[in-house]
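Scroll down for the structure; my scribbles are underneath it.
The values are calculated or read from the model by the stated rules, or taken from the named source; none is laboratory data. All values reported here derive from a predicted model rather than from experimental measurement. FYI the Cβ positions are ideal-geometry reconstructions off the backbone, even for glycines, and counts take in every protein chain you see. Accessible surface areas use protein heavy atoms only, side chains included; no ligands, DNA or RNA. Shrake-Rupley method; radii C 1.70, N 1.55, O 1.52, S 1.80 Å.
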Amino acid sequence: MNIKTRHTIYLFVTAMIWGAAFVAQSAGNVMGPFTFNCLRNILGVLVLIPFIRFFYGDLRIDRLTLTGGILCGFFLFLASNVQQMGLLYTTPGKAGFITASYMILVPIVGIFFGKRISGRILTAVVLGALGLYFLCIPQGEGFSNVNRGDLLCMGCALLFTGHIMCIDHFVPKTQGVKMSCIQFFTAAVLSGILMLLFETPDAAAVKSGLVPLLYAGIMSTGVAYSMQIVGQNGVDPSVAALILSLESCFAVLAGWVLMHNAMSTRELAGCALMFGAIILTQLPQGGNNKA
């Protein structure tokens, strides 16, 4: 098996892990969103430390890696907690697809940084907006009836857009796995502050949600983020983003299999439109660009 194929498999497995994590996050809300994310990110830090020792041989951190980790961790803290609160009111499948709309938002936000937007991207935006409408607005109802969880997940998608752009800025200049560890530590500390302010951590609640917590902390946070970093080093960015966007499909499948969250024909049509928009944003442009 060549390196490119192996790294493609890493990204595919990462998308599977992240998709199933929506179910784990929904089940983990028994302990409170801030408590869940604080403990989840602590587990992520503990998982990454052996990776750091293996890849770099030491735990020393340069200033740029520290700065990037803190800034990315701040965005991760905001996005993950808004998403976790959204899962109190919506299903894992819907949350997965709405969150995946960051793949459409990234090129739009890029306009404000001097990047041009093509007609293809504009088409994707229209498809994505239509998909969100079918997914979030019940038939015969208006915008006043949008589920609170859907709105929170839309905000989460915008925050993850900031997170992606922050990572894109820092990763080429820093030690990636170390920066991930710092971002998890930052998110854990900030989530812990809100946990102490707004929640009452309860050992019984943590125990009842221990399995989803372990999955989200070890697999989704520690393992999957590490696999993403390794995988993207060997795969074209457009192809990598497309593979990772499959997490939305796996979120729907996991919700259906594990939590019996059936979706209506209208909601499935919304998912299909959004996924089509996601694919459209990631297709290579022009005749000379290859995926």
Point to revise | Selected residue [free of Cβ contacts under 8 Å to residues at least 60 places away in the same chain and on the phi > 0 side of the Ramachandran plot] from 114, 176, 119, 110 | key: 114
Study note, to complete from the structure: Within segment 95-119, residues being among the hydroxyl-bearing types (Ser, Thr, Tyr) and over 18 Å from residue 150 (Cβ atoms) number 1
Point to revise | Those helices (runs of 4 or more DSSP H) lying entirely in segment 1-99 with at least 1 residues of a type outside the set (Gly, Ala, Ser) and within 21 Å of residue 271 (Cβ to Cβ) | key: 3-28, 63-86, 92-99
Check your understanding: Which number in (1) modelled with pLDDT of 80 or more; (2) over 19 Å from residue 129 (Cβ atoms); (3) open to solvent by 40 Å² or more (accessible area, probe 1.4 Å) marks the one condition that residue 272 misses?
Key -> (2)
**Study point:** helices (runs of 4 or more DSSP H) within segment 116-235 that include 3 or more residues among the small types (Gly, Ala, Ser) and either within 21 Å of residue 97 (Cβ to Cβ) or out of contact with any helix residue (DSSP H, G or I) (no Cβ under 6 Å at 6 or more places or on another chain) (or both)
**Key:** 119-136, 148-170
Review point. Under 19 Å from residue 217 (Cα atoms), of a type outside the set (D, E, K, R) and out of contact with any Phe, Trp or Tyr (no Cβ under 8 Å at 6 or more places or on another chain) - does that describe any residue in segment 53-69?
Key: no
Practice item. Could you list all residues from segment 107-124 that are among the aliphatic types (A, V, I, L, M) and open to solvent by less than 40 Å² (accessible area, probe 1.4 Å)? Key: 109, 121, 124
Exercise for review: Would you check if there is a residue in segment 246-256 being open to solvent by 30 Å² or more (accessible area, probe 1.4 Å), modelled with pLDDT under 75 and assigned to a helix (DSSP H, G or I)?
Suggested key: no
Practice item. Given the conditions (1) surrounded by 24 or more Cβ atoms within 10 Å (Cβ to Cβ); (2) in contact with a Lys or Arg (Cβ under 9 Å, 6 or more places away or on another chain), report the number of the one that residue 93 does not fulfil. Key: (2)
